[in-house]
Amino acid sequence: MEPFITHRGIVAPLDRANVDTDQIIPKQFLKSIKRTGFGPSAFFDWRYLIDGTPNPDFELNRPRYEDRSILLTRNNFGCGSSREHAVWALAQDGYRAIVAPYRGQGDDHIPGFADIFKNNCSKNGVVTIELSEAEVEEIFEAVFAEEGLEASVDLAAQTLILHKADGAVTYGFEYDPSVKNKLLNGLDDIEESLQHMEEIRRFEANHNTWIASPQG
C-alpha cells in the first residue's frame, strides 16, 4: 500500500448526507473478481445519463472539479452495505482523502462516516477526516466561492489546511494512532503482521500447533 504522509489537491463538494455504498458503486459492478477498473463507475447512477454520457447536473462532473483528489461531503458517508468495492472505486477515481462532519455526542452522535466504510478506507490508503459541522460548512462555502480551491492533508500533524486566496485556514482532526501508523508506513494488516515475523517464529517454535482431543 502506498504510504500517506501529506497530500495536496483540489477539493470537490458532494453536498449530500447519508450517501450509501450502493450509490458509490452500484451492485452491478460487483461481479468483477478483479480489484481494478472501478474508478469510472464511482457514483455511476448520478454521474451518467441513461445513454452513458456524463450528467452535466452532477456536481462532481463540473470542469472546475476535474482534477480533484479530496472529497468534501456530509454526515454518514459510506453507510449501507460493507462492500469494499466502494473504497476501491473512490481510490481509483483519484480520491486520497474524504472530509465529512460529525454531529452531536453520545446517543445523539451522527458520525461523518459509517464504521465499516471508514475501516475499509484505512485499509486502502484513503484518509477519512471528521470535522465539526460548522467547520465543514465553512469549507463548503469556501469551495463554492473559489474555483480550484486546494487543501493539504498532513496525516502526521493531523491537520487539514485550506489554501484560500485570502489566507490559509487550518483545521485539526483526531485519528486513531494505530491506523495512522499503518497509513504513514504504507502497511496493510498483513504487512503489519509481517513486521513481527521473528516473534511469530519464536512463538510457533515454543507452542504445539495441535490441540489434544479430550479424554473420555
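For region 80-87, state whether one or more residues are within 16 Å of the chain's Cα centre (by Cα), hydroxyl-bearing (Ser, Thr, Tyr) and modelled with pLDDT under 95.
yes
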| note | Exactly one of ALA86, ALA100 is in contact with a helix residue (DSSP H, G or I) (Cβ under 8 Å, 6 or more places away or on another chain) and assigned to a strand (DSSP E or B), and that one is ALA100
| field | Search result, residues across region 1-30 that are closer than 18 Å to GLU66 by Cα and surrounded by 12 or more Cβ atoms within 10 Å (Cβ to Cβ) | value | HIS7, ARG8, GLY9, ILE10, VAL11, ALA12, PRO13, LEU14, ILE24
| said: Give me the residue from region 31-44 that is modelled with pLDDT of 90 or more and assigned to a helix (DSSP H, G or I) and, out of that set, surrounded by the fewest Cβ atoms within 10 Å (Cβ to Cβ). | reply: PRO40
| field | Identity of the residue in region 144-175, over 17 Å from ARG68 (Cβ atoms) and outside any loop (DSSP other than H, G, I, E, B), that ends up farthest from the chain's Cα centre (by Cα) | value | GLY167
| query | Residues in region 35-49 that are within 15 Å of TYR65 (Cα to Cα) and touching a strand residue (DSSP E or B) at 6+ places or on another chain (Cβ under 7 Å): how many? | reply | 1
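Kindly evaluate TYR65 against the criterion of being modelled with pLDDT of 95 or more, over 20 Å from the mean Cα position of the chain (by Cα) and aromatic (Phe, Trp, Tyr).
Criteria not met by TYR65.
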| task | Among the numbered conditions (1) in contact with a Gly (Cβ under 9 Å, 6 or more places away or on another chain); (2) buried (at least 18 other Cβ atoms within 10 Å of the Cβ); (3) of a type in the set (Lys, Arg), tell me where ARG83 comes up short. | result | (1)
| remark: Taking region 117-143 and keeping only residues that are assigned to a helix (DSSP H, G or I) and farther than 17 Å from SER178 by Cβ, one is left with PHE117, GLU133, ALA134, GLU135, VAL136, GLU137, GLU138, ILE139, PHE140, GLU141, ALA142, VAL143
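The values are calculated or read from the model by the stated rules, or taken from the named source; none is laboratory data. Please read these numbers as outputs of a predicted model, since none were measured by experiment. Reconstructed Cβ throughout: ideal geometry from the backbone, glycine too, with neighbour counts over all protein chains shown.
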